[in-house]
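Enquirer: Can you read through this structure? Questions will come right after.
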Amino acid sequence: MDWNAVWVTGLLASVTMLCLMVIALPLAWWLARTRSPAKPAVEALTAMPLVLPPTVLGFYLLLLFNPEAPFGGAWFALTGETLSFSFEGLVIASMLYSLPFAVQPLQSAFEALDETLLEAADSLGAGPLDRFVTTVLPLSRRGLLTAAILSFAHTVGEFGVVLMVGGNIPGETRVLSIAFYEYV
């Protein structure tokens with residue numbers, strides 16, 4: 001058993017899941033509540049990893065992470081390291097690849113909320129943040145749990161994206177799916 005691959009996989013899945021929850025909560029809340037004409041486009045972009053082949057996504061991320069590209073160049077200027085074939089690059093790639101698995105359950109949970117409960121919290125003097133923390137999140141706990149579990153599990157099972165972006169560097173980017181593939 002490659003315990004380093006187990007460690008890297010667990011760490012990657014945990015960091016990805018935590019980062020996704022921070023990003024997906026406001027995004028899903030906005031998608032559930034907005035009437036903006038941009039909503040369908042944002043939903044489509046959020047769902048894109050569901051239909052885009054993982055290696056294609058990985059290829060485009062390699063182009064984005066290139067130090068000659070604006071994003072990769074800015075990262076290189078800040079850190080002195082590239083995102084390609086690094087743990088940080090894996091986290092960003094995993095977040096993009098698992099984004100729909102965090103956003104969609106949260107959006108569904110937020111859309112299912114009883115509006116009268118939010119109005120009652122508002123009438124009792126709860127501000128927007130207080131109402132979100134004390135009313136919305138507790139009422140959406142199943143969606144929160146589903147989003148966390150799905151994004152964690154999806155990250156554990158990634159193959160194409162992590163191979164393209166992270167490669168197979170033992171102790172740094174080698175995850176279980178790559179180790180299993182190499183073993184077979």
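Values quoted throughout were computed directly from the atomic coordinates according to the rules given, and no laboratory measurement underlies them. What you see is a predicted model; the values in this text were computed from it and never measured. With ideal geometry, Cβ positions are generated from the backbone for all residues, glycine too; neighbour counts draw on all protein chains shown.
Enquirer: May I ask you to derive the relative contact order of the range 3-183, considering only C-alpha pairs under 8 Å and at least 6 residues apart, and to give it as an integer percent?
Expert: 38
Enquirer: Restricting attention to the range 1-99, which GluC sites (Glu not before Pro) occupy a DSSP loop and are surrounded by at most 12 other Cβ atoms within 10 Å?
Expert: Glu68
Enquirer: For Ala112, what is the net charge nearby, where nearby means another residue's Cβ is under 15 Å from its Cβ and Lys, Arg count +1, Asp, Glu -1?
Expert: Net of charged neighbours comes to 0.
Enquirer: Using only Cα atoms and rounding to the nearest 10 degrees, what angle (0 to 90) does helix 141-156 make with the longest principal axis of the chain?
Expert: 10
Enquirer: Could you estimate the translational diffusion coefficient of the chain from the Stokes-Einstein equation, with Rh from the Kirkwood formula over C-alpha pairs, at 20 °C and 1.002 mPa s, in whole µm²/s?
Expert: Using the Kirkwood radius from Cα pairs, D works out to 121 µm²/s.
Enquirer: What's the magnitude of the charge dipole for the chain around its Cα centre, counting Lys and Arg as +1 and Asp and Glu as -1 at the beta-carbon? Answer in Debye, nearest 20.
Expert: For this selection, approximately 220 debye.
Enquirer: Residue farthest toward the positive end of the dipole of the chain, with Cβ of Lys/Arg at +1 and Asp/Glu at -1: which of Leu176, Ser123, Phe87?
Expert: Most positive-ward Cα: Ser123.
Enquirer: How many nm separate the modelled label positions at Thr134 and Ala41, each set 7 Å beyond the Cα in the direction of the Cβ?
Expert: Inter-label distance under the simple model: 3.8 nm.
Enquirer: Net charge within 12 Å of Leu124 by Cβ-Cβ distance, Lys/Arg positive one each and Asp/Glu negative one each, not counting Leu124 itself?
Expert: -2
Enquirer: Tally Lys/Arg at +1 and Asp/Glu at -1 over every other residue whose Cβ is under 12 Å from the Cβ of Ser94; what's the total?
Expert: Spelling it out: positives minus negatives among the neighbours equals -2.
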